[in-house]
Each structure stands twice: as structure tokens, then as C-alpha cells.
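To start, the structure under review is shown below, and the notes come after it.
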Amino acid sequence: MENFLFKLSIMLVPGIFAVVCHEVSHGYIAYKFGDPTAKDLGRLTLNPFKHIDPIGLLMLFIIKIGWAKPVPVNVQNLRNPKKNMIWVAAAGPITNFLLASISALLIRGIIEIYSIIPTYLTEPILLMLVFSVFINLVLALFNLIPVPPLDGGRVVAGFLPYRLSAAYSRIEPYGMIGIILLVVLFPAILSMLIVPPLNAGLYFLIGPDTLAFLIKNTAIIRLGFLQF
């Protein structure tokens, strides 16, 4: 129980922030392209209570892939529905990549001044930032799987000719079932899709020297989230 509470204290804030920003970015870009649906429903806010899906939040900590309530987008309101939807869909993963990059920069900055700040302050902040890098990369990569209704599927549909795009979009209800089966029944296949680019992203953003510092000076191993 003690270790669970320790993990929860580190993962909760960056995990919620990652999924909330992902959804808000969809609504914000849709609003910029002419669709006020999310704004009118009060979903262009970082208030987590407007976005959190309890099951999605639970899955975030159990299988390290979670979700929030989808921000509604009315495609018909977009000025150029097919073209604009590419950017609306891509906004979520792009936001997660940006958050991962910012978190990695903050890690490096804190390490530079590590010796002049009390450990009881720096250690939890560093651990939360490392988890932020990890979970944002996971969310971005998972959502880029090119199967609707995931963001990657909607991006692909936006680039296809109209007839192919319409046909591809029609698999969306079945795509969601397939994704659930993949997550629950075939996690090894999911790992094959996500783990190689995830490890490459972690290596690029955090780097072996920084990771060695974190292993030596923090309880990062105790958290276990670097073992997807």
C-alpha cells in the first residue's frame, strides 16, 4: 500500500495534465477552425473535472494508457472539414510531444541546480517530470496508431481521397473494438508497436547520462514506469 500511494503521488498530476491537455488541444484547434462546440460546452479549460473519465484515469495507472472524455467536435462547423480535421486530430499527439519535450528540458535544468536545492523538493519534482515525459510519449504514440477513432486514423482519413476517406472512416465503430481487444487481449502486439519508438524518444529526450543521474539520486526505479 505504501508503494502504491508513493506511485500515485508521483503519477497523478502529470498523468491527468497529459490527458487533459491532449483533449483541450483538440477543442482549441477546432475552435480556431470555426467549430465552437467545445467552447460552448465549457471544455476549453484545464479544469480536470470537466474532462476526466474515471475508467480512463484508472487505466492510466494500471496499463499506462489512459484517456479523458473526448472533446466534441462538429466537423460540419469547420471551414474546410476534411483539411481542418487533420490538424484537429493531430493537435493531441503534437501537444503530448511538446509536453514531453518541455518536461525533459525542465529535468535537465533542475539537475544543473540540484546541489543548491533541498533533495526533498527536487526528488518528487524530478520524478513527476520523468513520468510526464514517459506518459506524454505513450499517449502520443498510442494515439498515432492509424486506426479510427484514434487520432492517427483521423489524420490518415484526412489525407485520403474523398471516397477512400469516407470508406476508411466507416470502420471507426469497429476500430474502437479492435483497439480495446488489442489493449486487453494482445498487449504484446501493442508493445511491439509502441515500445521501440517510446524507448527511442526516452533516449533522445532524457538521455543515458541524465537517466544514470536519476537512478543514482532518486527513487525512479521504485516507480517502475520505465518498464512498459
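Summing +1 for each Lys or Arg and -1 for each Asp or Glu, what net charge is found among the other residues whose Cβ lies under 9 Å from the Cβ of TRP67? Before the final figure, lay out each step's value.
Numbers: positive: LYS69; negative: GLU23, ASP53.
Every neighbour counted, the sum reads -1.
For VAL195 paired with LYS83, estimate the spin-label separation in nm (one decimal), with each label point 7 Å from Cα along the Cα-to-Cβ line.
The answer from the label model is 4.2 nm.
Give the calculated FRET efficiency between ALA212 and MET59 to the nearest 0.05, with a Förster radius of 30 Å applied to their Cβ-Cβ distance.
Rounded to the nearest 0.05, the efficiency is 0.45.
By how many degrees, between 0 and 90 and to the nearest 10, does the Cα long axis of helix 81-112 differ from the longest principal axis of the chain?
10 degrees
Take the Cβ-Cβ distance between LYS39 and ARG163 as r, set R0 to 30 Å, and report the resulting FRET efficiency rounded to the nearest 0.05.
Efficiency computed from Cβ-Cβ geometry: 0.40.
Between GLY92, GLY56, GLY152, which gets the highest mean-square fluctuation from a Gaussian network model of the chain, Cα cutoff 10 Å?
Highest fluctuation among the options: GLY56.
Taking Rh as the Kirkwood radius computed over C-alpha pairs, what is the Stokes-Einstein D of the chain at 25 °C in a medium of viscosity 0.890 mPa s, expressed in µm² per second?
Estimated diffusion coefficient is 132 µm²/s.
In cubic angstrom, how much convex hull volume per residue do the alpha carbon atoms of the stretch 106-213 span?
Spelled out: Cα convex hull of the stretch 106-213, divided by residues, is 124 Å³.
Just from its helices, what would the mean residue ellipticity at 222 nm be for the chain, if runs of 4 or more DSSP H residues each count -39500 (n - 2.57) and the sum is divided by every residue, rounded to the nearest 500 deg cm²/dmol?
Only helices count here, giving -23500 deg cm²/dmol.
If exposed trypsin sites (Lys or Arg not before Pro) are those in a DSSP loop with at most 16 other Cβ within 10 Å, what is the longest stretch of the chain that has none?
80-169
Rule-based calculations on the coordinates, nothing more; no lab input. Please read these numbers as outputs of a predicted model, since none were measured by experiment. Neighbour counts are summed over all protein chains in view; Cβ atoms, including those assigned to glycine, are modelled from backbone coordinates with ideal geometry.
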